[in-house]
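In what follows, a structure is listed as structure tokens, so that the remarks can point back to it.
The values are calculated or read from the model by the stated rules, or taken from the named source; none is laboratory data. It should be emphasised that the depicted structure is a prediction, and the values quoted were computed from it without experimental measurement. All Cβ positions, even for glycine, are placed from backbone atoms using ideal geometry, and neighbour counts span all protein chains on display. Ligands, DNA and RNA are stripped out before the accessible areas are found, and what is left, the full protein with its side chains, is counted by its heavy atoms. Shrake-Rupley method; radii C 1.70, N 1.55, O 1.52, S 1.80 Å.
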Amino acid sequence: GEGKMKSIKWLDKNFELIILAIFLVIMSLLSFSNVIMRYCFHHALSWSDEVCCYCLALSAFFCLPCAVRMGTSIKVDTFASILPKHVQSVLEIACDVVMIGFLGCFLKGTVTIIQNAAKIKQASPALQIPLSYLYGIMGFAVALAIFRYIQVIIKCIVCRQKSKEVME
């Protein structure tokens, strides 16, 4: 009941942050371990650079839905700021819809890359991780960004409706 709803709300608010924190911890631990291994034991972990590279790349993809969720994505709003508030919100929704369209095309291309990588059984050099898995995680992050944009649009529409009701 109520506990599940609290958990879902917490996860909705923090999901990307948790993923980004996990990637950061993995990169930090592996980098630190590799430094210790090199200088103390004169032997490095051959696979750690690959994992760090993938964590860094994947974290870039998870930054997008995180930025959308927090409303901190980069945008030029000089022109929009001189417009009336109701026009600003319509313009914001229109821009979000354009971003959903762009990300939808990006996701479609990502699915093609995933399928091609799976078909040829492409794997990472050191750990032999199927690259289709890594591309799949990237696709998930793009789909999550689309979901976050839809959430933002719904929130904007609901806020507009509430402000109209207050005006009446």
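Each peptide in 139-152, 113-126 gets a packing score, the mean of other Cβ atoms within 10 Å over its residues, and the list from highest to lowest is 139-152, 113-126. Using only the C-alpha atoms, the convex hull of the chain corresponds to 166 Å³ per residue. Shown is the FRET efficiency for ASP77 and SER163, computed with R0 = 30 Å from the Cβ-Cβ distance and rounded to the nearest 0.05: 0.95. On full extension, the segment bounded by LYS121 and LYS85 gains 7.8 nm, given 0.36 nm per residue less the C-alpha separation.
Taking Cα centroids, how far is segment 47-69 from segment 79-157 in Å? Here the answer is 14 Å between Cα centres.
In Å², what does the accessible area per residue of the chain work out to with a 1.4 Å probe?
That works out to 69 Å² per residue.
What length, rounded to one decimal in nm, is gained on full extension from HIS42 through to ALA67, with 0.36 nm per residue of separation minus their alpha-carbon distance?
Details: separation 25, 0.36 × 25 = 9.00 nm, distance 4.08 nm.
Value of the extension gain: 4.9 nm.
Based on the Kirkwood radius over alpha-carbon pairs, what value in µm²/s does the Stokes-Einstein equation return for the translational diffusion coefficient of segment 74-118 at 37 °C and 0.692 mPa s? In µm²/s, the coefficient is 262. Annotation: lysines with alpha-carbon distance below 28 angstrom to LYS9 (same-chain offsets under eight excluded): LYS75, LYS155, LYS162, LYS164. Accessible area of TRP10 (1.4 Å probe, protein heavy atoms only, ligands and nucleic acids ignored): about 140 Å².
Using a probe radius of 1.4 angstrom, the carbon and sulfur fraction of the accessible surface of the chain is 72%.
At each listed q (0.15, 0.19 Å⁻¹), what is the log10 of I(q)/I(0) that the Debye formula gives for segment 1-64 modelled as equal alpha-carbon point scatterers? Summing over Cα pairs of segment 1-64 leads to -0.58, -0.74. Per-residue SASA remark: ASP49, around 90 Å² accessible (1.4 Å probe; ligands, DNA and RNA not included).
Run the helix sum for the chain: -39,500 (n - 2.57) per DSSP H stretch of 4+ residues, divided by residue count, reported at 222 nm to the nearest 500 deg cm²/dmol.
Values: 5 runs with 139 residues, N = 168.
Per the formula, -29500 deg cm²/dmol.
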